[in-house]
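Chemist: Sharing a structure with you now.
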Amino acid sequence: MALRHLAPLLLAGFASSNLRADVTITLSADVQSLQPIPMGLKLEPFGRSSGSSLRTTRVKGNQCLSSSGSSSNIIDLSKQDVTLMDGVRKIYTTVSLAKYGEIVAASAPKPSPEAQATVKMKTTTSVRHTGRTDSIYGIEAEEREITMLVETEITAAGAPLSGPLMRFVIQVWTAKHEEMVGRPALRELADFSAVRNTFANPIEMLQKVATSFTGSSEGMTAVVDEIKKGNSIVLREVSEVYLPILGAAFEKLAALRGQPLSAGFDANAPFSRMTTEVVEFSTAALDDAVFQIPPDYTAAMADEFLKGAKPVH
């Protein structure tokens with residue numbers, strides 16, 4: 001091929017590579033338990049507590065590293081695989097992206113056959129565009145509100161008990177379309193579809209939660225599709241969890257004991273709130289070594305990795 005014909009192709013390839021920006025995005029996740037537990041009951045998951053953590057995602061070309069605490073994963077789109085790493089046990093496992101969902105689903109808790117026979121659950125969801133906008137770390141964002149309600153019908157001693165079990169209300173803030181068009185780094189994150197499904201995506205997490213409780217993701221598929229239509233990234237998410245059935249149980253117990261509920265307890269208020277927001281956004285160049293498995297890590301089988309088993313040599 002003559003040089004004059006080859007040159008435009010080389011220049012096109014060079015220009016294309018320059019359009020791919022290295023990206024680092026860090027989100028702070030703050031979790032708060034909001035309700036006091038009444039009558040001196042001990043329910044650790046719902047006691048007053050708070051905590052925060054950082055979640056960082058780095059993208060370079062076809063690779064993405066996501067880290068939170070001692071856990072991290074590397075997604076490689078050219079190989080179509082994901083490597084999960086445990087910094088405490090110093091082990092890792094690599095699985096194909098195609099099988100990753102199946103492996104995670106298989107490791108999720110499932111109700112026993114006895115529970116499935118006596119407990120029926122259904123999930124309904126809705127999405128509302130609130131019209132609210134904000135600037136998050138210098139990026140213009142817009143809000144959608146997602147509500148998911150899990151209802152149950154329990155047959156105990158032949159007497160059915162039905163009603164709302166839990167409710168999630170989530171405000172999801174995503175970058176506006178104009179921002180996605182004007183910022184190559186944002187497009188890089190959005191186009192990295194595997195990345196978008198591993199960080200700051202509350203809808204994907206809710207789908208897993210709904211499945212673990214009800215045995216199916218009924219009611220969630222349409223919401224997931226709706227959120228993905230925007231081809232954007234999540235910049236802020238505020239999730240509140242309501243437990244109406246637990247509040248009703250506390251009120252009945254208080255009546256049986258003849259005791260008042262603890263001051264400040266409100267059965268209609270949220271039990272917990274998690275706020276996730278971008279605290280760092282950078283396009284500084286990343287070293288290739290960032291995306292390498294540490295040399296002192298040992299390989300493990302995927303199912304053993306998820307179960308916390310000993311590494312495989």
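Chemist: I need the full set of residues from the stretch 84-103 which are surrounded by 17 or more Cβ atoms within 10 Å (Cβ to Cβ), more than 18 Å from the chain's Cα centre (by Cα) and not charged (D, E, K, R), in order please.
Modeler: Ile91, Tyr92, Thr93, Thr94, Val95
Chemist: For the stretch 31-53, state whether one or more residues are farther than 29 Å from Phe281 by Cβ, among the basic types (Lys, Arg), at pLDDT 65 or above and not in a strand (DSSP E or B).
Modeler: No; the residues of the stretch 31-53 include none that is farther than 29 Å from Phe281 by Cβ, among the basic types (Lys, Arg), at pLDDT 65 or above and not in a strand (DSSP E or B).
Chemist: To continue, here is another question. Select, from Ala222, Ala200, Ala194, Ala210, the only residue that is modelled with pLDDT under 75, of a type outside the set (Asp, Glu), at positive phi and under 20 Å from the mean Cα position of the chain (by Cα).
Modeler: From the options Ala222, Ala200, Ala194, Ala210, the qualifying one is Ala200.
Chemist: Please determine, by comparing only the residues of the stretch 225-264 that are hydrophobic (A, V, I, L, M, F, W, C) and assigned to a loop (DSSP other than H, G, I, E, B), which one is modelled with the highest pLDDT.
Modeler: So the residue we want is Ile233.
Chemist: With respect to Leu286, determine if the residue is over 29 Å from Met166 (Cα atoms), at pLDDT 60 or above and surrounded by 14 or more Cβ atoms within 10 Å (Cβ to Cβ).
Modeler: Here the answer is yes, as Leu286 does meet what is asked.
Chemist: Sticking with this structure for a sec: Which numbered condition in (1) within 20 Å of Pro294 (Cβ to Cβ); (2) modelled with pLDDT of 90 or more is the only one that Ser68 fails?
Modeler: Among (1) within 20 Å of Pro294 (Cβ to Cβ); (2) modelled with pLDDT of 90 or more, the lone unmet condition for Ser68 is (2).
The values are calculated or read from the model by the stated rules, or taken from the named source; none is laboratory data. Because the structure is a prediction, the values reported are computed rather than measured. We place every Cβ from the backbone using ideal geometry, glycine too, and count neighbours over all the protein chains shown.
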